[in-house]
Amino acid sequence: MLVLVADAGGCLGVDLDSGAFVRARYHGEPGPLATFDVVSAQIADAGHPIDASRPETVHLDHPPEHIGALSPRRAERWLEPLHHPRRRNLLGFPGAVVPYWTLNGDQPSLSLVDVVAGPQVHREAHQYECRFTWQSMRYHLPLVDRDLTNRLDGVGWPRYSSRDLESVLGRRVRRLLVALSPPQEGYCYKVVAALLPGA
């Protein structure tokens, strides 16, 4: 698996065998995982119900083992095919929120979005918000990358331009990993799970 970002109870990435997105869930801590790390683990035998809001989910026997890393240029082989199709609604529906009961698992819950102008991040009352333009539409979505938001907390600014983000991250942001959140009071929300470099 090519790691894109770690999240609570697992990580999001790309299955290097199939080239598909995967949400790996596991118990325990694998140690720090960085963008474009390569990890390996065994899929658990026990059956788990399919989550219609996150159909890419797989459950692992144990935390993944770190076996290497790829440069952004080498990672392009797996990332390029996963870019969100143009002229289609982001994650398959318009707007920023969808009722959980309308989902049946036939739409992806992860997608890569190219950002030509670069995103901005603003600190709101209880969260950070990522603002970006894609296909002439302006999006304001919650930023849920815990490592990044912790770093932004340390800097303490109320807003970050694309150049500010480049300074904090040490790289220029070329694409966003947009994800569907777990159900919250019956609704799932589009969120930005990670800010990713390009080749």
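At a glance:
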quantity	calculated
Residues of the stretch 21-45 that turn out to be open to solvent by 20 Å² or more (accessible area, probe 1.4 Å), closer than 16 Å to L180 by Cα and either small (G, A, S) or touching an Asp or Glu at 6+ places or on another chain (Cβ under 6 Å) (or both), as a count	1
Members of the stretch 51-71 found to be in contact with a Gly (Cβ under 6 Å, 6 or more places away or on another chain) and open to solvent by 30 Å² or more (accessible area, probe 1.4 Å), listed by number	P55, P63
Residue that is within 26 Å of P197 (Cβ to Cβ), surrounded by fewer than 16 Cβ atoms within 10 Å (Cβ to Cβ), modelled with pLDDT under 95 and touching a Lys or Arg at 6+ places or on another chain (Cβ under 9 Å), where the choices are H83, H122, H48	H83
Of residues in the stretch 74-131 being polar (S, T, N, Q) and in contact with a helix residue (DSSP H, G or I) (Cβ under 9 Å, 6 or more places away or on another chain), the one farthest from D145 (Cα to Cα)	Q107
Matching residues in the stretch 16-32 - criterion: being without any contact (Cβ under 8 Å) to a residue 40 or more places away in the chain and at positive phi	G28, G31
Check on D17, surrounded by 16 or more Cβ atoms within 10 Å (Cβ to Cβ) and either closer than 21 Å to P183 by Cα or among the charged types (D, E, K, R) (or both)	no
Residue within the stretch 75-82 that is under 30 Å from T102 (Cα atoms) and in contact with a Cys (Cβ under 8 Å, 6 or more places away or on another chain) present	no
Checking L12 against (1) modelled with pLDDT of 95 or more; (2) more than 22 Å from Y187 (Cα to Cα), the condition it does not meet	(2)
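The values are calculated or read from the model by the stated rules, or taken from the named source; none is laboratory data. Computed from a predicted model, the values in this text were never measured in an experiment. Note that each Cβ is placed from the backbone with ideal geometry, even for glycine, and that neighbours are counted across all protein chains shown. Quick note on the areas: whole protein, heavy atoms, side chains included, nothing else; ligands and nucleic acids left out. Shrake-Rupley method; radii C 1.70, N 1.55, O 1.52, S 1.80 Å.
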